Each structure stands twice: as C-alpha cells, then as structure tokens.
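Input: a single structure, listed below in structure tokens.
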Amino acid sequence: MRIVPIPVLSTLALAAVLAAAPAQAQKYGGILKSAQRENPNSLSILDESGSFVTAWPMGGVYNSVAYFDPLKPAESVETLIPDLARSWVWNADYTQITFTLNQGVRWHDGKPFTAKDVKHTFDVVREASPQKLRINPRKAWWKNVKDIASNGDFEVTFTLGRPQPSLLLMLSSGLTPVYAAHVPVAKYRTETMGTGPFKMVEFKRDQALKVRKNTDYFVKGRPYLDGIDYIIIRNKATRTAALQSGQLDVNQPTETEQAVYETLKATVPDMEFNKTPNPTVVNMLLNHAVAPFNNPKLRRAFALALDKAAFTRAVEPGYIIGGVMLPRPHGAWGLTESELADVAGYGDPVAGKEEARKLMAELGYGPTNPFQVKITTQNVNTYRNWANWAVGELKHVHVAGELDIVETGNYYPRMIRKEFAMAVQATGSPLDEPDASLSEGYTCGSPRNYSHYCNPELQKTFDVQSMTIDTAKRLQMVHRIERQLMEEVATISIGFRINYNARRGFVKNFVGHNTPSNWGRMQDVWIDK
C-alpha cells in the first residue's frame, strides 16, 4: 500500500472525470428523501462521538482535503480523489505531506477558503489551538502530527513525528471535514458553515433536516439534486413502511439489514440494493476502570458466554463474525473466522459456556448467587434487541442483567465519563485501517476507548505497525495485536454489519461504501424522473 504523489488535477478536470463515469446521462433537479433514524445530537461532525447520526445529513455540507471516490464502495488509498486539495505529495520517508489546495473555493457565506482553514481545523483536533471541541472523539488520530504550516494561501504541509502513510486516509475521512477559521468551533454545534455541495436550510427536531443546493459549489456541474430532506423516523418498522409507501427514496446507511432487505425486496419491485461489509461491530463493553471488570477472569467468562454464531443466525442474520478489525475477506486487515477459532469466545459455544460457569464459580457466583449488573445501551430499537439478547446469553453463566436505557444524546458522554459497568452498542470505525481503529478504540485515554482498556506496552506496537511500509509485514503485526486485544478482552466483538443500502430504482449513483460516514457527500447522486 505504498503512497505515491498524484498528478495535479484541476477542479474542472476532476468534474469531467466524475461526469464521464456513469454510462447514463445525468439529470438535474429533484429533492431526495432520505431516512434519518434519530435527531443529530449536534450539527458538528468533529464534535460527535456517536458521529454517524450527524455525519450522514451533514456530509454534503462540507469537504475534506481529499475524499473517497463516491462511485467505488471499497475505500483505500487507491480510491482517493482530490477535494479541497487538488494534489498532494509525500516526502521520501512519509514524515511530511504537502497539499496544494484548489483556488476559487468559497464558504457558504461567500468568504474565500484558504490554507488558514485547513491549519485551523487540524490544530483544533490535535488540540494545538485555544479553541476546543466539546468531546474531540478522534483526537488520538492526530497525536503524530507535530506541525502544520501554510505556504501562502493555497499550500499546507503536515509534519509528523514518525512515518505514518495512513494519515492521508484519516485526513480524507467523512469524519474529518474542514471547518472555517472565521467561525468559532463552538458555533458548529448549532450552525453550519461549509464549502460543500449543499447548505443546511432547516432542522426541526423529530421531523426533518433539510439541505439545499449550493449554486456556487466549486466543482462545476455539481450537485445534480436541488436538495435532500432527511426525514427523522425513530422506529425501524415505521422507516421500512415509509420506504415501501414511497415516503422515502433511500434508507439511511446501516439501517437496511438482512430482515429489512428481504421485506423491501419482496414488497417494492423497483427497490435496488448494493451489499457492503461494514467495519461497524456490535460489541459488549466491560468497564476496565471499575471493579470487578478489572479482573481478567471475569472478563474472560463474559467473552466465553456469548454465542456469536447464534447472534448472526437469530438476532442479526447476515452479520459476520470477527474480532477487532473487519475480518478478511470482507476487509483488508482482520483475522478470518477460521483464524479466530482458538480465541476465547470463538470456539464451541457449549464448551465456552461450561468454562464460563467454572470461572464464575471460582469468583463466587452460581445459580443461587448470580452476578448482578446493569447493561447500558441506547434508546434505539435495534440496540435494545442486542442488549436483551446479551441478557439471555449471560443468564446461562449465572449473570442477572438488567437493561439501563439511555437517550443517544446522554449515552456517549456517560461512556466517556466511565459512568457504566457494561454496555452493548455498535462501534463504527470510519475507515478499515488499523491506525484509525486501534488509536481511536484502544489507546489509553482516547475518548472513543469506551471500555477504558489501557496497555501501554501493547500501545507501543500500535506505532510500530503504523510505521511499517511493507503491507505483508504490517498485516502480521496487526494480527498479533488483534489477538492480544481479544485475549485480554479489551472489548467483546459480537458481529460485524453487512449493509444492503436500499434505494429506489430512479435514484442513481447512490453507491454504498464499506464505511457509511464516507459517502454522505451526495454531490453525484441524481434522480431519473
């Protein structure tokens, strides 16, 4: 996965390439109607830990320095294309990357975009600015960035403390949009100021969030749509009915799971789908920061108790079993299901539960003295179903679980403050990339390390794999890290999502990506009506 300089591509040339991609002539106009499962907690992508609910409707408001080709579902360095940057180049040892920025780009208020905005954004997220985000969930991504310098208005250089080729991918994520330097970052929670193809015009809680076409967008000829209405429907069955009736044109990514797919396929003749694996994992979190979950024997018992194959058969058909990373061949880095067979909790489920009961007995728990615990989860239908399944599984090993249901807006702050014992949730990585997943989910002190796992010695190997240019050697290192994280029960992975990405047949260029936060731009989507 060697990163090389790309040729300079002007904005007009980029528009021509994108326009030439589909075989059918595009049409302008129309308002796309998209599902939105709940209210965004705020409008600031950089601020949100449970970020997808914000990143989906806000994705078209912003741009990043580069982004992933919207017509290619699998993201990698090979699918990156210019965005605010028209070109970039690494130095020889991958410790410095310089971006040449597009000229003529304007913020939605008409002010010019410059290198100052890029420097401002990434100084904020790496916490080298007086301005602070409320949570800064991905701050661990930027710990290797030592300096950001602009050379005039249209060139900016990132200097790193060590080689890190993956930085370009993280800079291109849909979760790392560029913010305007002339707008205080705190304002972004309730207001928007982007350079993207759409401007937000309305947000009514529990009704809809609406964006409309930016007629001054710097990519000429984009967007095709006049706008998008993100219609907020909290109940999944009601969302499915809205897709069936034509109230919605597309489903929100991650919401068309196999059962919904089968329903829509059987009842809506013109509904189309594209199937994509997703590095979002349903997992059980055990709070390492509090007793008794700082006891590795108890954590192992919980890991052994959960029958992951049963979950992928009965609770979420079509989900796939994996560990820390999206398993191969669905992803590029994870251990395959067969390679996981000797890890605690991935072998024979009957034998696993028997071993778990023995461990619980050694800890003093049994049929007449079960382990009492509250299991925290979000007030979302799907999440409650997962947590109820976990309660049923744990009963077999003398655990009496009680659900603790929390609204999304309060859920992530509670997790970060360590105010929970156990939780069941979906944790999504915005990239199938070890640096993103490991730094965000497993480094000591990271806001998105919800289990509060911390192993400083293992963390040193995160940096070593990050510097490794040889992909085969890096893969071996990632597998060793993944095994150790599972043996220590940093978290308990239950199953990875497979999305079917539902859209009406008249919606064109709505191509699902492996990581949903990277395809909310919508500048190439059009309606054939």
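Observations on the structure shown:
- Applying 1/(1 + (r/R0)^6) with R0 = 41 Å to the Cβ-Cβ distance of Asp528 and Val201 gives a FRET efficiency near 0.95.
- Nearest-ten-degree value, helix 349-362 long axis tilted from longest Cα axis of the chain: 60 degrees
- Evaluating 6.51 cos²θ - 1.76 cosθ + 1.60 at θ = phi - 60° for every residue in the range 228-240, the Karplus couplings come out as 9, 9, 8, 8, 8, 9, 6, 8, 5, 4, 5, 4, 4 Hz, glycine and proline recorded as x.
- Highest-first packing order for the peptide set 449-459, 384-394 is 384-394, 449-459, based on the mean count of other beta carbon atoms within 10 Å.
- Shape call, the range 101-165: gyration tensor on alpha carbons, a/c limit 1.5: oblate
- Distances between placed amide hydrogens fall under 5 Å for Arg86 paired with Thr100, Leu101, Asn102, all partners being 5 or more residues away or on another chain.
- Pairwise label distance in nanometres, Asn151 with Ala186, each label 7 Å out on the Cα-Cβ vector: 3.7 nm
- Bridge orientation summary for the range 278-498: considering DSSP beta bridges with both residues in this region, about 55 percent are antiparallel.
- Each residue of the range 328-344 is assigned a 3J(HN,Hα), and the resulting list reads 5, x, 5, x, 9, 10, x, 5, 6, 4, 5, 5, 8, 4, 9, 8, 3 Hz, derived from the Karplus form 6.51 cos²θ - 1.76 cosθ + 1.60 (θ = phi - 60°), x at Gly and Pro.
- Over the residues of the chain, the helix contribution to mean residue ellipticity at 222 nm works out to -8000 deg cm²/dmol, using -39500 (n - 2.57) for each DSSP H run of at least 4.
- Taking θ as phi - 60° and the Karplus parameters 6.51, -1.76 and 1.60, the scalar couplings of the range 32-40 work out to 6, 10, 10, 5, 9, 6, 7, 5, x Hz in sequence order, x denoting glycine and proline.
- Kirkwood Rh in Å, taken over all unlike Cα pairs in the chain: 23.7 Å
- The value of relative contact order for the range 278-498, using C-alpha pairs under 8 Å at least six residues apart, is 35 percent.
- Projected label distance in nm at Ala400 and Ala314, using a 7 Å step from Cα toward the beta-carbon: 2.3 nm
- Cα centroid of the range 210-237 to Cα centroid of the range 376-402, whole Å: 37 Å
- Annotation: amide H-H contacts under 5 Å for Asp147 (H modelled 1.01 Å from N, sequence separation of 5 or more, or interchain): Thr159.
- Each part gets one Cα centre, and for the range 36-71 versus the range 310-341 those centres are 26 Å apart.
- For the range 458-513: rounded, prolate or oblate by the Cα gyration tensor [a/c cutoff 1.5]: oblate
- Relative contact order [Cα under 8 Å, 6+ residues apart], the range 205-297, whole percent: 17 percent
- Amide H to amide H distances under 5 Å link Ala502 with Asn251, Thr256, where only residues 5 or more positions off or on other chains count and H is placed in the peptide plane.
- Cα-based helix-to-principal-axis angle, 11-20 vs the chain, degrees rounded to 10: 70 degrees
- For the chain: relative contact order, % (alpha-carbon pairs under 8 angstrom, 6 or more apart): 23 percent
- Rounded if a/c under 1.5, otherwise prolate or oblate - the range 227-275, Cα gyration tensor axes: rounded
- Theoretical FRET efficiency, 1/(1+(r/R0)^6), r = Cβ-Cβ of Ala241 and Glu487, R0 35 Å, to 0.05: 0.20
- Helix 456-467 vs. the chain, principal-axis angle (Cα, 0 to 90°, nearest 10): 40 degrees
- DSSP beta bridge pairing in the chain, given as percent antiparallel to the nearest 5: 75 percent
Where a number appears in this text, it was derived from the coordinates with a stated rule and is not lab data. Here the structure is a predicted model, which is why all the values come from computation and not from measurement. Virtual Cβ from ideal backbone geometry, glycine too; neighbours counted across all protein chains shown.
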